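Novice: Below are the C-alpha cells for one structure; questions will follow.
The values are calculated or read from the model by the stated rules, or taken from the named source; none is laboratory data. Note that the coordinates shown come from a computational prediction; the quantities given were computed from them, not determined experimentally. Neighbour counts are summed over all protein chains in view; Cβ atoms, including those assigned to glycine, are modelled from backbone coordinates with ideal geometry. Surface accessibility is based on the protein's heavy atoms, side chains included, excluding ligands, DNA and RNA. Shrake-Rupley method; radii C 1.70, N 1.55, O 1.52, S 1.80 Å.
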Amino acid sequence: MPELPEVEVTRRSFADAICGATVQSVRLGKPLRWPLGLEPQRLVGARVGATTRRGKYLWLPLSSQLAPGGLLLHLGMSGSLGFSADASAPAGAHDHFDLQTDRGLLRLNDPRRFGAVVWSPGLEADPAAKLLAGLGLEPFDARFDGPHLHAGLSGRRVAVKQALLAGDIVVGAGNIYACEALFLAGIDPRLAACKVSRPRAARLATAVRAVLAQALEAGGSTLRDFKDAHGVAGSFQMQAQVYGREGQPCRVCGTSIRRIVQGARSTFFCPQCQKR
DNA sequence: CACCCATCCTGTCGGC
DNA sequence: TGCCGACAGGATGGGT
C-alpha cells in the first residue's frame, strides 16, 4: 500500500501530536517482519522526539536513560498507523504494535504483517540502520536530478521501471508512482535502464518529483484501505493516468491502457504515449 | 555487481 | 452460495 506519499502523509498526521509524549506502555501483537529487538518494557518512560522519514521508513526517536535510540517503522504492503487521544479502543486482530503515550495511542494495523517496528540505538549506531544503508536519494533532495538518475540507470539491463522500483537510485516511487512517472515522462516502462538517454532521464527525474508531489498534495492514494493516522483517506487514485486502468482509454490520446508483468509486478502504460 | 525468484501473510475479487 | 486461483501498495535474502 504505502509508497512515499502515503508514508509522509501518515507522518505529518501524527508527528506534531506525539512529539514530546512519554511512553506509558507497549503492546505487541503477532510477529511482524522482524522482531522488535529489545524488551518492550524498556521503552516505558522514554520521551518521543520529532518523527522523521527516510524513504518509506519512519524514524521515531526515543530518549531515555535506560534505552536511548528509537523505532524504525515500515508499513510493508498493508500497514497503516493510527493515532488517537482516546486509548480505550480494544486492539483488533490486525493491530500488532501499540505505543501508549500520555498524549495518545500510536497503533500499527497490518493484516499481511510485511511491516516492521524495529528498535535501533541510533541511526548512526547500526543494527536496524543497515535497513537504510542501501537506499537511494530522497526524490526532493536537490542532488536528485537528471544526471544522477542517468548515472544510476547506466550499466543496468533491466527495464527502467524495475530499476526505478528498486529504490537504490531514488527512493519513494513504488508500483503506482513508478508507473505514473514513466507515463508523465513518456517513457516505455520496458525500455532497458541503460538505454534511457540523458534528456529522458532528466524528464523522468522531474516526473518522479512531480508525481510524488501531486500525490502528497492529494493525501496519497487510497486504493483499498489507506488512511492517515486520523483515518483520512487520500485521493490521488482519482487522478492516476495509468495505474489500475487496464483496458480504459488513455486520458491523453484515447489508446487502451495496457497491463504487463515485470518482475512479478503489474505495470500499466499507454503504448501510444510511452514510446522509447 | 546485476539479476531472478521465492518468500513472508491475509484479504478480496472474479470466474465457474 | 461455495470453492479456488490470481492478485495486491514492499523488500529482503539467497542463489546463479
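Novice: Say each of A:Asp168 and A:Leu223 gets a label point 7 Å from the Cα, pointing the same way as Cα to Cβ; how far apart are those two points in nm?
Specialist: Placing both labels 7 Å along Cα→Cβ, they lie 2.5 nm apart.
Novice: Quote to one decimal, in nm, the extra length available between A:Ala233 and A:His94 on full extension: 0.36 nm per residue of separation minus the C-alpha distance between them. Provide the component values of the computation, followed by the final result.
Specialist: On the way: separation 139, 0.36 × 139 = 50.04 nm, distance 1.90 nm.
Full-extension gain reported as 48.1 nm.
Novice: Once both labels are modelled 7 Å past Cα along the beta-carbon direction, what's the A:Thr22-A:Ala192 spacing in nm?
Specialist: 6.2
Novice: What is the sum of charges, Lys and Arg at +1 and Asp and Glu at -1, for the other residues whose Cβ falls under 9 Å from the Cβ of A:Leu32?
Specialist: Working: positive: A:Lys30, A:Arg33, A:Arg113; negative: A:Asp110.
Around A:Leu32, the surrounding residues sum to +2.
Novice: May I ask you to derive the relative contact order of region A:146-269, considering only C-alpha pairs under 8 Å and at least 6 residues apart, and to give it as an integer percent?
Specialist: Values: 189 pairs, mean separation 29.2, N = 124.
Here the relative contact order equals 24 percent.
Novice: Please give me the summed charge of the neighbours of A:Gln65: other residues whose Cβ is under 15 Å from its Cβ, Lys and Arg +1, Asp and Glu -1.
Specialist: +2
Novice: Of the accessible area of chain A, with the probe set at 1.4 angstrom, what percent is carbon plus sulfur? Spell out each step's value before the answer.
Specialist: Details: 6420 of 12360 Å².
Heavy-atom surface of chain A belonging to carbon and sulfur, 1.4 Å probe: 52 percent.
Novice: If you average the alpha carbon positions of region A:223-276 and of region A:1-36, how far apart do those two centres end up, in angstrom?
Specialist: 28
Novice: Right, next: When you take every Cα atom in region A:144-247, what is the radius of gyration, and what is Dmax, the widest Cα pair distance, in Å?
Specialist: 14.0, 44
Novice: Then there is this: Per DSSP H run of n ≥ 4, the term is -39500 (n - 2.57); total these for chain A, divide by its residue number, and report the mean residue ellipticity at 222 nm rounded to 500 deg cm²/dmol. Intermediate results must be reported in sequence, preceding the final value.
Specialist: Working: 6 runs with 65 residues, N = 276.
The helix contribution divided over chain A gives -7000 deg cm²/dmol.
Novice: Given q = 0.11, 0.12, 0.14, 0.16 Å⁻¹, what are the Debye log10 I(q)/I(0) values for region A:4-133, with equal point scatterers placed on the Cα positions and solvent ignored?
Specialist: -0.32, -0.38, -0.54, -0.72
Novice: Where Lys and Arg each count +1 and Asp and Glu each count -1, what net charge lies around A:Arg276 among other residues with Cβ under 9 Å from its Cβ? Kindly include the intermediate steps, with their values, before the conclusion.
Specialist: Working: positive: A:Lys195, A:Arg200, A:Lys275; negative: A:Asp188.
Within the 9 Å Cβ shell, the charges total +2.
Novice: In debye to the nearest 20, how big a dipole does chain A give about its Cα centre with +1 on each Lys and Arg Cβ and -1 on each Asp and Glu Cβ? Write down the numbers at each step before the final one.
Specialist: Numbers: 34 positive and 22 negative charges, 249 e Å.
Dipole about the Cα centre, nearest 20: 1200 debye.
Novice: Moving on. Sequence gap at least 6, Cα distance under 8 Å: using those rules, report the relative contact order of region A:1-74 to the nearest whole percent. Let's see the in-between values first.
Specialist: Working: 107 pairs, mean separation 21.4, N = 74.
Computed value for region A:1-74: 29 percent relative contact order.
Novice: How far is it, in nm, from the label point at A:Leu132 to the one at A:Ser64 when both lie 7 Å from their Cα along the line to the Cβ?
Specialist: 2.1
Novice: Can you give me the relative contact order of chain A as a percent, contacts being Cα pairs under 8 Å and 6 or more apart? Don't jump to the answer; show the numbers that get you there.
Specialist: Values: 611 pairs, mean separation 50.1, N = 276.
Answer for chain A is 18 percent.
Novice: To the nearest whole percent, what portion of all C-alpha pairs in chain A is separated by more than 24 angstrom? Could you put the intermediate results ahead of the total?
Specialist: On the way: 19352 of 37950 pairs.
Considering chain A, 51 percent of its Cα-Cα pairs are separated by more than 24 Å.
Novice: Let me ask something additional. Determine the dipole magnitude for region A:146-269: charges of +1 sit on the beta-carbon of Lys and Arg, -1 on that of Asp and Glu, nothing else is charged, the reference point is the Cα centre, and the result goes in debye to the nearest 20.
Specialist: On the way: 16 positive and 7 negative charges, 104 e Å.
So the dipole magnitude of region A:146-269 works out to roughly 500 debye.
Novice: Report the residue, chosen from A:Leu164, A:Leu149, A:Leu223, that carries the largest GNM mean-square fluctuation when chain A is represented by alpha-carbon nodes joined by springs under 10 Å.
Specialist: Looking only at A:Leu164, A:Leu149, A:Leu223, the largest GNM fluctuation is found for A:Leu223.
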